[in-house]
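Chemist: One structure, pasted below without further comment.
The values are calculated or read from the model by the stated rules, or taken from the named source; none is laboratory data. This is a predicted model, so every value here is computed, not measured. Cβ placement follows ideal geometry from the backbone for every residue including glycine, while neighbour counts extend to all protein chains displayed. Ligands, DNA and RNA are stripped out before the accessible areas are found, and what is left, the full protein with its side chains, is counted by its heavy atoms. Shrake-Rupley method; radii C 1.70, N 1.55, O 1.52, S 1.80 Å.
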Amino acid sequence: MIRDITIGQYYPTDSVIHRLDPRVKLASTMLFLISLFLTESIVGYVFAGAALLAVIRISRIPFKYIVRGLKAVVILLFISVSFNLFLTPGEEIFRLGFLKVTREGLRTALYMAVRLIYLIIGSSLMTLTTTPNQLTDGLEKSLGFLNKVHVPVHEIAMMMSIALRFIPILIEETDKIMKAQMARGADFDTGNLMQRARAMVPILVPLFISAFRRAADLAQAMEARCYHGGAGRTKLKPLRYERRDYIAYLLVALYLVVMVVTRWL
Amino acid sequence: MSIKAEGLTYIYQAGTAMESYAVRDISFETKDGEFIGLIGHTGSGKSTLIQQLNGLIKPTSGKIYYNGEDIHSEGYDMKRLRQRVGLVFQYPEYQLFETDVLTDVKFGPKNMGMSDIEAEEAAKRALKLVGIGEDFYKRSPFELSGGQKRRAAIAGVLAMDPEVLILDEPAAGLDPLGKTEILETIARLHRERNNTIIMVSHSMEDVAEYADRIMVLDDGKLVYFDSPKEVFRHYEELEKMGLSAPQITYLMGDLKKRGLQVDDSVGTVAEACREILRLWKEKEEKSAE
């Protein structure tokens, strides 16, 4: 049940996208997200969609798997689309009781939906092709300059990678505790809001206790291996740009230029 | 009170690159009041199999019958099934959550629709069965020792008065004393209440001691389902699956290889003892002749 959430998960296959330097993927994702707000034309969205599809094809991740990840945000999508649809002033097309739909509203709602879907697919494409460790490595390296202004980049990156590492563990743990309580007759699917909230207690208490226990264990294990922060720490696999990374940057730059041009189409 | 499985297959994350078979085409039937040991290497599908038996996960294909009824048929009462087929998870103490032991044990019976008084009686009976005294009733479950927590958690399932009790590695992670206590408690439950028990374990010694029949899983497949003696006869095959017969079986095997006429399929020290004594007597009788 909870295992179906694919956002933030890594999909292990071998592809050019998987092998790219995480910094390239981070930067590209950022630029892709920005590009979605640069364009206002249908041509732009079609082009962005085509680019996205191409990357999905190259990444060898089944399209179905990516779409499944969208399910988790359907509600969010629905709310933002309906707000835009009904609350944008302008030329009226038809009304449903006190709700009126305007031409402008329809347009913004549609654009909003497309943007959100692209946004989610784009960013989940990054996490699907990059392991959490690579991701934080990339972040640590690209934000390294902040060290000069005394931002503890390494510590933040470490915290992030631990947090990411713990997501699947805690999901699995939740799944196990839920099943254990279901075996004792717990019911999570029926009853009113209050009853359902109360039904969560037998999951949340053991989950918190186990999270604290795991955190304490991890801290101890790190100390036992003399972890003392980032100073003087070297890496087994230092990040280094290769030819494919430069090509990827070039392609992203080209993509951006096209997106900017479509603004005037 | 029988569980019957027909062609159970379970596939994790079907249709993705992570697709993997956890259980492949397993069929078996339990008998009334039987003590079954379920053995297999880590990742052999033991936990996936038992979670299917009380309907917590639905098999990808295959059917499960409880008392002849298909548990995934329309309108089958899952809650009732979970009361009758009690499942104790691995490290069950991690599911304790209430403010005191008694209330925690009452959770199951109350979910089954018992009144507060009934549930309390059921809880007290269960706690008595696992040997937790009255002075612990009002204590926080988190104050107990590891073995006590484990027993309190098992009581949480026993309080529902299940007909079949399934336990996933009930002795895992306990010290030798705690381990013996738990296993003895389970054996006593089996003797006193005569319910069917399925105990998952990866220790052949534990299983040999208590089980009437042993189920061996390897890579999701049911390899053997037979009496301990018959299963231990295959100790060389067991080794290939990353399992081993009890140490005493090896000793008897070695004795046989040295030309002594002993039965090399015994699994417990007590049996081996009888076997050696028998041989000794025969030898004495022969020399007396």
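Chemist: Out of (1) more than 14 Å from every other protein chain (Cβ to nearest Cβ); (2) in a helix (DSSP H, G or I); (3) surrounded by fewer than 16 Cβ atoms within 10 Å (Cβ to Cβ), what's the single condition that is false for A:L164?
Modeler: Condition (3) is where A:L164 drops out.
Chemist: Can you tell me which residue within the range A:169-181, out of those that are within 12 Å of chain B (Cβ to nearest Cβ) and in contact with a helix residue (DSSP H, G or I) (Cβ under 7 Å, 6 or more places away or on another chain), is surrounded by the fewest Cβ atoms within 10 Å (Cβ to Cβ)?
Modeler: It comes out as A:D175.
Chemist: Of all residues in the range B:21-49, count the ones that are aromatic (F, W, Y) and either crowded, with 16+ Cβ neighbours inside 10 Å or more than 28 Å from B:P246 (Cα to Cα) (or both).
Modeler: The number of residues fulfilling the criteria is 2.
Chemist: Still on this structure, please answer the following. Of everything in the range A:115-144, what is open to solvent by 30 Å² or more (accessible area, probe 1.4 Å), at pLDDT 85 or above and over 14 Å from the mean Cα position of the chain (by Cα)? Give them in sequence order.
Modeler: If the condition is that a residue be open to solvent by 30 Å² or more (accessible area, probe 1.4 Å), at pLDDT 85 or above and over 14 Å from the mean Cα position of the chain (by Cα), then A:R115, A:Q134, A:D137, A:L139, A:E140, A:K141, A:S142, A:L143 are the ones that fit.
Chemist: Going by the conditions given, is B:D100 of a type outside the set (S, T, N, Q) and either in contact (Cβ under 8 Å) with a residue 24 or more places away in the chain or open to solvent by less than 60 Å² (accessible area, probe 1.4 Å) (or both)?
Modeler: Yes, satisfied.
Chemist: Only one of these conditions is not met by B:R274: (1) in contact (Cβ under 8 Å) with a residue 12 or more places away in the chain; (2) part of a helix (DSSP H, G or I); (3) not polar (S, T, N, Q). Which number is it?
Modeler: (1)
Chemist: Further question: Within the range B:270-289, which residues are within 33 Å of the chain's Cα centre (by Cα) and surrounded by fewer than 17 Cβ atoms within 10 Å (Cβ to Cβ)?
Modeler: Within the range B:270-289, B:A270, B:C273, B:R274, B:I276, B:L277, B:R278 meet the criteria.
Chemist: Continuing with this model, one more query. Out of the range B:50-70, which residues are within 14 Å of chain A (Cβ to nearest Cβ) and open to solvent by less than 60 Å² (accessible area, probe 1.4 Å)?
Modeler: B:I50, B:Q51, B:Q52, B:L53, B:N54, B:G55, B:L56, B:I57
Chemist: Of all residues in the range A:182-236, count the ones that are within 14 Å of chain B (Cβ to nearest Cβ) and in a helix (DSSP H, G or I).
Modeler: Residues flagged as within 14 Å of chain B (Cβ to nearest Cβ) and in a helix (DSSP H, G or I) within the range A:182-236 amount to 20.
Chemist: Mind checking which residues of the range A:32-58 are of a type outside the set (F, W, Y) and open to solvent by 60 Å² or more (accessible area, probe 1.4 Å)?
Modeler: If the condition is that a residue be of a type outside the set (F, W, Y) and open to solvent by 60 Å² or more (accessible area, probe 1.4 Å), then A:I34, A:E40, A:I42, A:V43, A:V46, A:L53, A:R57, A:I58 are the ones that fit.
Chemist: Only one residue in B:V200, B:V269 is at pLDDT below 90 and either in contact with a helix residue (DSSP H, G or I) (Cβ under 7 Å, 6 or more places away or on another chain) or among the aliphatic types (A, V, I, L, M) (or both), so which one is that?
Modeler: Going through B:V200, B:V269 in turn, just one is at pLDDT below 90 and either in contact with a helix residue (DSSP H, G or I) (Cβ under 7 Å, 6 or more places away or on another chain) or among the aliphatic types (A, V, I, L, M) (or both): B:V269.
Chemist: Same structure, new question: For the range B:176-186, state whether one or more residues are open to solvent by less than 40 Å² (accessible area, probe 1.4 Å), hydroxyl-bearing (S, T, Y), within 25 Å of A:M182 (Cα to Cα) and at pLDDT below 90.
Modeler: yes
Chemist: Assess whether B:E236 counts as being over 22 Å from the mean Cα position of the chain (by Cα) and either surrounded by 20 or more Cβ atoms within 10 Å (Cβ to Cβ) or modelled with pLDDT of 85 or more (or both).
Modeler: Criteria not met by B:E236.
Chemist: With the condition kept exactly as written, say whether any residue in the range A:69-82 is more than 28 Å from A:V260 (Cβ to Cβ) and within 14 Å of chain B (Cβ to nearest Cβ).
Modeler: Looking for residues that are more than 28 Å from A:V260 (Cβ to Cβ) and within 14 Å of chain B (Cβ to nearest Cβ), one finds at least one in the range A:69-82, hence yes.
Chemist: As an exercise: evaluate A:Y255 against (1) touching a residue at least 40 places away in the same chain (Cβ under 8 Å); (2) over 23 Å from A:M159 (Cα atoms); (3) within 14 Å of chain B (Cβ to nearest Cβ) and give the number of the one condition it does not meet.
Modeler: Against the list (1) touching a residue at least 40 places away in the same chain (Cβ under 8 Å); (2) over 23 Å from A:M159 (Cα atoms); (3) within 14 Å of chain B (Cβ to nearest Cβ), A:Y255 comes up short only on (3).
Chemist: Kindly indicate whether A:P62 is outside the structural domain of A:F166 (by TED's automatic domain parsing), modelled with pLDDT under 85 and open to solvent by 30 Å² or more (accessible area, probe 1.4 Å).
Modeler: The answer is no for A:P62.
Chemist: Right, next: Could you please find all residues in the range A:237-248 being open to solvent by 70 Å² or more (accessible area, probe 1.4 Å), touching a residue at least 12 places away in the same chain (Cβ under 8 Å) and assigned to a helix (DSSP H, G or I)?
Modeler: A:R244
Chemist: Hey, which of the helices (runs of 4 or more DSSP H) in the range B:71-169, taking only ones fully inside, have at least 2 residues that are closer than 26 Å to B:S61 by Cα and within 14 Å of chain A (Cβ to nearest Cβ)?
Modeler: Those helices (runs of 4 or more DSSP H) span B:78-84.
Chemist: If you go through the range A:23-34 one residue at a time, do you hit one that is modelled with pLDDT under 85 and more than 14 Å from every other protein chain (Cβ to nearest Cβ)?
Modeler: Looking for residues that are modelled with pLDDT under 85 and more than 14 Å from every other protein chain (Cβ to nearest Cβ), one finds none in the range A:23-34, hence no.
Chemist: If I filter the range B:232-250 for residues that are under 18 Å from B:F35 (Cα atoms) and touching a residue at least 60 places away in the same chain (Cβ under 8 Å), do I get at least one hit?
Modeler: No, the range B:232-250 has no match at all.
Chemist: Let me ask another. Of everything in the range B:244-269, what is farther than 25 Å from B:H41 by Cβ and open to solvent by 60 Å² or more (accessible area, probe 1.4 Å)? Give them in sequence order.
Modeler: Across the range B:244-269, the qualifying residues are B:K256, B:K257, B:R258, B:L260, B:Q261.
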